[in-house]
Amino acid sequence: MPENGYLTPSEAVSYLLKRELLHPEHIVAGDLTVADISRRHHNYKVAVGRASGYVLKQGIGKEKAPAVAREAAMYQVLESNGTGLRRYLPRFYGYDAEANILILELVEGAQNLREYHVQQGHASILLARALGNALGTLHRTVERDKKDEKLAADPPAWILSVHRPTSKFFHECSGANLQLIRIVQQFSEFGEHLDGLRAGWQTEALIHRDIKWDNCMVFGKSPSARKTRLCMIDWELAGVGDPCWDVGSVFNDYLSFWLLSIPVTGEMPPDRFLELARFPLEKMQPALLSFWESYVKKRGLDSAAADRSLLRSVRYGAARLVQTAFEQMQMSMQLTGNIVCFLQLSLNMLQRPEEAAGRLLGLPIRGMRLP
C-alpha cells in the first residue's frame, strides 16, 4: 500500500486477487474495470463484466476508520440474525481491520430510488411496499446481547438539538444554516416540540438511522429487467434506536421530493405554488399507503400500536424535514424559498400530526383520537 494507506486502482485489483475474490483469468479476459466512486470514504467499484463485482470501502483517519468499522460490524450482525433481511442487503464479503477496508457486493445496473423516481416520473407502489417490508423486518431485530458493543444504544438524532447549538456548531454552519437556526429559535413552540421528541426517543429496535432514497438501490434480476428489487446501503450510522425515526425519514423523502419540485419564485402568488409541483403529493399518496401498510404488517402492529407509531413517525418526519433543509443548505449563504417551505411544513406537522398524517400523507388515524 502507499504511504498514506489508501489503495490505488491497481492495488485494489491485487488486493482482491490475494483474497481470492478475483482470479487471473478475469484480468486475462479483459472484462475487468475499476472505477473510483469515492464520497465520504475512499471507494472503488471493481466490476467483472456485466454480471458481478465488488465495492471496496476504505476509511482512514480518526473519524472515517471507526465509521467503516462500525458499518462492517452492522453487516455482520444483519447477516447473522436470520430474520430475512439478507434479501435487502448487498452481500458482505468481509472486513480487513488492519487496512480499514470493507468489501461488499457490487449491484450492477442499480440506481438509487431518488434517481429512479425522477426517471419514471412517479413514485413506485411496488418499491414502496418493498421498503416497508425491509424496514419492518429490520425493526423486528432486537438486542440479543446487551453487552454487544455492535448493538449499543445510540443517542437521539442530532437535529433534535439544532435549536440549542454549541459555539463549535455555529462556526461550522453556512450562512444559510445560520438563518435556518434563527428561524427555528424564533418560534418557541418549534424548540418545545424538538425537545419533546428528544426526550421521548426510544431505544427499542435496530434502526438504519440514515434511511433515505439515496441509500436505497433498486435493480432488476438482470441488467435489462424491470427494477423491482431493493437493497439498503450505508449502514455506518445504524444502531439501537427509535424505529419511528426511520419511518419518519421515509415520510420526509416523499415530502421533500414534493417540496423541491415546486417552482417557488417571487414572481408567482403563493397560492399557485402547490398546483405547479412537478411531483404532486396526492399522486405519491398511494405509494405512501403501500409503504405504511406493508411496514405495519411486517412489524405485526395492532391498530392501536400502528396509530401510536404513525403519530410519532409523523413528528419525527417533521424533524427530518429540518435536517434535510439543513443538508440542502450546507454550501449556501441564503435560504431559498423552497427551504423556507420545509420549515413551515415541519412546524405545521409538529403542531397537527393527525392532520398531517391524513391530509398530507394519505394515512388517516384509524382508531380513536390520540394525545
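Data table
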item: Residue check for Ala29: small (Gly, Ala, Ser) and within 26 Å of the chain's Cα centre (by Cα); result: no
item: Inter-residue pairs, beta-carbon under 7 Å, first under 20 Å from Ile183 (Cβ atoms) and in the stretch 339-364, second assigned to a loop (DSSP other than H, G, I, E, B), 6+ apart; result: Ile339/Met329; Cys341/Val264; Leu347/Phe187
item: Residues located in the stretch 337-355, provided they are touching a Gly at 6+ places or on another chain (Cβ under 8 Å) and closer than 19 Å to Arg308 by Cβ; result: Met349
item: Any pair with Cβ under 6 angstrom, 6 or more apart, that starts in the stretch 31-56 at a residue that is on the phi > 0 side of the Ramachandran plot and ends at one that is at pLDDT below 85; result: Gly49/Asp31
item: Residue tally, condition surrounded by 16 or more Cβ atoms within 10 Å (Cβ to Cβ), in contact with a helix residue (DSSP H, G or I) (Cβ under 7 Å, 6 or more places away or on another chain) and at negative phi, over the stretch 85-104; result: 6
item: Residue in the stretch 246-266 that is modelled with pLDDT of 90 or more, touching a strand residue (DSSP E or B) at 6+ places or on another chain (Cβ under 8 Å), farther than 14 Å from Leu361 by Cα and buried (at least 22 other Cβ atoms within 10 Å of the Cβ) present; result: yes
item: Candidate set from the stretch 45-65 (those that are among the basic types (Lys, Arg) and closer than 19 Å to Leu17 by Cβ); member that is surrounded by the fewest Cβ atoms within 10 Å (Cβ to Cβ); result: Lys45
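The values are calculated or read from the model by the stated rules, or taken from the named source; none is laboratory data. Every value quoted in this text rests on a predicted model; they were computed, and no experiment measured them. Here Cβ is always computed from backbone atoms with ideal geometry, including for glycine, and neighbour counts include all displayed protein chains.
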